[in-house]
Amino acid sequence: MLNSFLNSKHFMVLGAMLIGGMVGHYAATRQFESMSAAQAQQAQLDQATQAAQDAQARAVQLERQAQLSNQSKKDPFKELEKIGNLKQQGLITEEEFQKLKARILSAI
């Protein structure tokens with residue numbers, strides 16, 4: 001009878017260990033799946049963030065190009081008058097004036 005009792009006790013412990021192991025395996029599998037899904041979501045978020053940053057950088061670049069284009073469409077006579085006033089006020093040197101004047105006249 002003692003032998004039977006020990007065997008049933010061992011069987012119960014073994015059964016508990018087996019069930020515990022299965023539960024632990026299931027929990028680990030679920031955690032791994034959850035982590036994998038979180039990593040995939042993070043990767044998608046990173047891609048979307050990068051795409052948004054690229055789009056913003058492109059918009060800034062296009063804005064700068066538009067500003068440069070608009071500057072080149074300015075009236076060259078007004079530009080000459082403007083730099084002439086800057087020279088008279090002493091805000092630019094004769095050399096700077098000549099360089100700016102040459103640039104403006106070359107764009108005509």
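The values are calculated or read from the model by the stated rules, or taken from the named source; none is laboratory data. Since the model is a prediction, treat every value here as computed from it, not as a measurement. Cβ atoms come from the backbone with ideal geometry, glycine included; neighbour counts cover every protein chain shown.
Laid out as a table, the results:
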read-out	value
Those residues of the stretch 33-70 which are over 17 Å from the mean Cα position of the chain (by Cα) and among the charged types (D, E, K, R), in sequence order	33, 63, 64
Boolean, residue 80 is outside any helix (DSSP H, G or I), at pLDDT 85 or above and surrounded by 10 or more Cβ atoms within 10 Å (Cβ to Cβ)	no
